[in-house]
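Input: a single structure, listed below in structure tokens.
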Amino acid sequence: MGDYNSLVYCIRCNTTDECYIGSTFYSIEERIKTHENGLTYFLRNKCNYTSSFQIIIRNNFVIEILEKFNTNKKNLLKFEQDYINLYKYNGEKVVNIINSFISVEDKIEKKKEYNKEYNQNNSEKIKEYRIENSEKIKQYYKNNSEKIKEKQKQYNKNNSEQIKEYQKQYDKERLQKITCKYCYSISSLMNIKKHQKTKKCIDAKYFI
Ligand SMILES: [Zn+2]
């Protein structure tokens, strides 16, 4: 491939006009062969589904080399993602499901989502752990209070924009109107607990 070691390609279905964008360090012929072999394995339940299969299986496609590169794996995936984004932006029927490249910001978002989900699913366990280890935790915070304070300060400084944004989102959510499930009054997320202690709501609750 001359000065190039890699390329980004598109497999386009002649029947449906669907596109699959991929990248490879092999020649395009070898890469297509692995797509075809993959489909055979998949049909025998021996490998996982890849979105290219829905094009390959109709056996009526053209391959376009979009750009050649001389680069490393990480950058190649980034270039591939750029093409996926561009094709989607242009209204092409892109079949790729998985993002080939995830930016640092997206990674942070994903991790946050994961942590949130984890905490929700394990809230009982976390509570238990905190109760069982409360003395240890207290001692840890006592011994490391200066370090923790400094770390928190540094974190806030580095993430001030994000924190502001988060706070705004949080306030918005808290003010969001919701309907009380007991008495059907309209309240806000912020006030619902207080509301559910009112006589009106408690009366309604025991008449359901
Ligand atoms: Zn109520």
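Coordinate-derived values only; no laboratory data. Note that the structure is a prediction, hence the values are computed from the model and not measured. Please note: Cβ atoms are built from the backbone with ideal geometry, for glycine as well, and neighbour counts cover all protein chains shown.
Using a 10 Å cut-off around each Cβ, can you sort R130, R12 from fewest to most neighbouring Cβ atoms? Mind showing how you got there, number by number?
On the way: R130 10, R12 19.
Least to most surrounded, the residues fall as R130, R12.
All other residues with a Cβ under 14 Å from the Cβ of G38 taken together, and with Lys, Arg as +1 and Asp, Glu as -1, what is their net charge? Don't skip to the end; give the middle numbers.
Working: positive: R31, K33, R44, K46; negative: E30, E36.
Its environment carries a net charge of +2.
Hey, what angle do you get for helix 104-121 against the long axis of the chain, alpha-carbon based, 0 to 90 degrees rounded to 10?
Helix 104-121 sits at roughly 50 degrees to that axis.
Under the rule of -39500 (n - 2.57) per DSSP H run of 4 or more residues, summed and divided by the residues of the chain, what mean residue ellipticity at 222 nm is obtained, to the nearest 500 deg cm²/dmol? Please report the intermediate quantities before stating the final value.
Details: 10 runs with 116 residues, N = 208.
That comes out to -17000 deg cm²/dmol.
For each of V8, V62, count neighbouring Cβ atoms within 10 Å of the residue's Cβ, then give the residues from fewest to most.
Placing the least packed residue first, the sequence is V62, V8.
What does the charge count near S145 come to, summing +1 for each Lys or Arg and -1 for each Asp or Glu among other residues with Cβ under 14 Å from its Cβ?
With Lys, Arg at +1 and Asp, Glu at -1, the neighbours total +4.
Which residues' amide hydrogens lie under 5 Å from the amide hydrogen of S188, considering only partners 5 or more residues apart or on another chain, with H built in the peptide plane?
Here the answer is I178, since their amide H atoms fall under 5 Å of that of S188.
What residues qualify as long-range amide H neighbours of N5, i.e. H under 5 Å apart, gap of 5 or more or another chain, H built at 1.01 Å from N?
It is F69, N70, T71, by chain and number.
So for the stretch 102-143, considering every pair of alpha-carbon atoms, how many percent are separated by more than 17 Å?
54
Once the Cα atoms of helix 28-43 and of the chain are each reduced to a long axis, what angle between those two axes, in degrees from 0 to 90 to the nearest 10, is obtained?
60
Once you have the alpha carbon radius of gyration of the stretch 123-183, what is it after dividing by 2.2 N^0.38 Å, with N set to its residue count?
Normalised Cα radius of gyration, the stretch 123-183: 1.69.
How big is the stretch 6-94 in terms of Cα radius of gyration and Dmax, in angstroms?
For the stretch 6-94, the Cα radius of gyration and maximum Cα-Cα distance read 13.0, 36 Å.
Can you give the three extents of the C-alpha atoms in the chain along their principal axes, from longest to shortest, in whole Å?
For the chain, the Cα extents along the three principal axes come out at 74, 52, 35 Å.
Summing +1 for each Lys or Arg and -1 for each Asp or Glu, what net charge is found among the other residues whose Cβ lies under 10 Å from the Cβ of C183?
+2
In whole percent, what relative contact order does the chain give with Cα contacts below 8 Å and a gap of six or more residues?
This gives 17 percent for the chain.
Would you list C47, C183 from fewest to most Cβ contacts within 10 Å?
C47, C183
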